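Enquirer: First the structure, then my questions, so here it is.
The values are calculated or read from the model by the stated rules, or taken from the named source; none is laboratory data. Given the structure is predicted, the values throughout are model-derived calculations rather than measurements. Here Cβ is always computed from backbone atoms with ideal geometry, including for glycine, and neighbour counts include all displayed protein chains.
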Ligand code: ITT
């Protein structure tokens, strides 16, 4: 079997770094969709799975390559699962201008202000969708969750997004304080990718 090449349907630098490292342990070669000038997909799904499929289809359409997309985010129990699929745009302004990770984090902290640990439970969720081609009627989809607690102040400088606020009781630190390889082993993204690779393997799409 020739070395498979997949396009990664993401423009998020933090995710792309993690995928580079995760795939370096495999025989699969990946390239970011920016190498093919893929325009951003319109993420108008109402779930992580729907948005992952939309992004994978878009990248497969513009590149002609099999595509993997990641739609992920943070679900906070006390906020009824928000920011959820809107995690990247949590603090966006009335004009829909995308906001920085820092301002999203500030908004989250202000909504949880004064709440005790027992009311700060949260999970990162990652849905990965693989499409053989743009018209693939059977995308391969895997979802994984990673549980933690939202800190009252940011800690650590590794990672991206909400990592400085995501405390892991069993590690005694925030996700942004973990080494990259540790995060990749235990995170929502790392777990979802292991599930996806196992499925692709069982379908004979990789070996
Ligand atoms: P692409 O769609 O181009 O992949 P995006 O940033 O718009 O990039 P999403 O819509 O999936 O991607 O939003 C994911 C957001 O969830 C991301 O911007 C972070 O705020 C947050 N997030 C997801 N995984 C995370 C992680 O591992 N660590 C910290 N924050 C994470």
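Enquirer: Out of (1) touching a strand residue (DSSP E or B) at 6+ places or on another chain (Cβ under 8 Å); (2) away from the ligand (no atom under 16 Å from the Cβ); (3) within 20 Å of residue 83 (Cβ to Cβ), what's the single condition that is false for residue 188?
Expert: The number of the failed condition is (2).
Enquirer: Could I ask something else about it? Conditions: (1) part of a loop (DSSP other than H, G, I, E, B); (2) within 13 Å of the ligand (Cβ to nearest atom). Residue 205 meets all but one. Number of the miss?
Expert: Of everything listed in (1) part of a loop (DSSP other than H, G, I, E, B); (2) within 13 Å of the ligand (Cβ to nearest atom), residue 205 misses just condition (2).
Enquirer: Looking only at region 146-161, decide whether some residue is away from the ligand (no atom under 11 Å from the Cβ), in contact (Cβ under 8 Å) with a residue 40 or more places away in the chain and touching a strand residue (DSSP E or B) at 6+ places or on another chain (Cβ under 7 Å).
Expert: Yes: region 146-161 contains one or more residues that are away from the ligand (no atom under 11 Å from the Cβ), in contact (Cβ under 8 Å) with a residue 40 or more places away in the chain and touching a strand residue (DSSP E or B) at 6+ places or on another chain (Cβ under 7 Å).
Enquirer: Out of the residues in region 3-14 that are out of contact with any helix residue (DSSP H, G or I) (no Cβ under 7 Å at 6 or more places or on another chain) and within 7 Å of the ligand (Cβ to nearest atom), which is farthest from residue 68 (Cα to Cα)?
Expert: 14
Enquirer: Quick one: residue 118 ticks every box in (1) touching a residue at least 12 places away in the same chain (Cβ under 8 Å); (2) more than 22 Å from residue 41 (Cβ to Cβ) bar one, so which box is it?
Expert: Here residue 118 meets the rest and fails (1).
Enquirer: Would you confirm whether any residue within region 92-102 is within 13 Å of the ligand (Cβ to nearest atom), within 20 Å of residue 189 (Cβ to Cβ) and without any contact (Cβ under 8 Å) to a residue 60 or more places away in the chain?
Expert: No, every residue in region 92-102 fails to be within 13 Å of the ligand (Cβ to nearest atom), within 20 Å of residue 189 (Cβ to Cβ) and without any contact (Cβ under 8 Å) to a residue 60 or more places away in the chain.
Enquirer: Residue check, residue 20 against (1) within 13 Å of the ligand (Cβ to nearest atom); (2) farther than 16 Å from residue 89 by Cα, all met but one. Which one?
Expert: Unmet condition: (1).
Enquirer: Taking the conditions exactly as written (modelled with pLDDT under 95 and surrounded by 15 or more Cβ atoms within 10 Å (Cβ to Cβ)), does residue 95 satisfy them or not?
Expert: The answer is no for residue 95.
Enquirer: Would you mind listing the strands (runs of 3 or more DSSP E) fully within region 1-78 where at least 2 residues are surrounded by 15 or more Cβ atoms within 10 Å (Cβ to Cβ) and under 12 Å from the mean Cα position of the chain (by Cα)?
Expert: Filter on region 1-78 gives 67-76.
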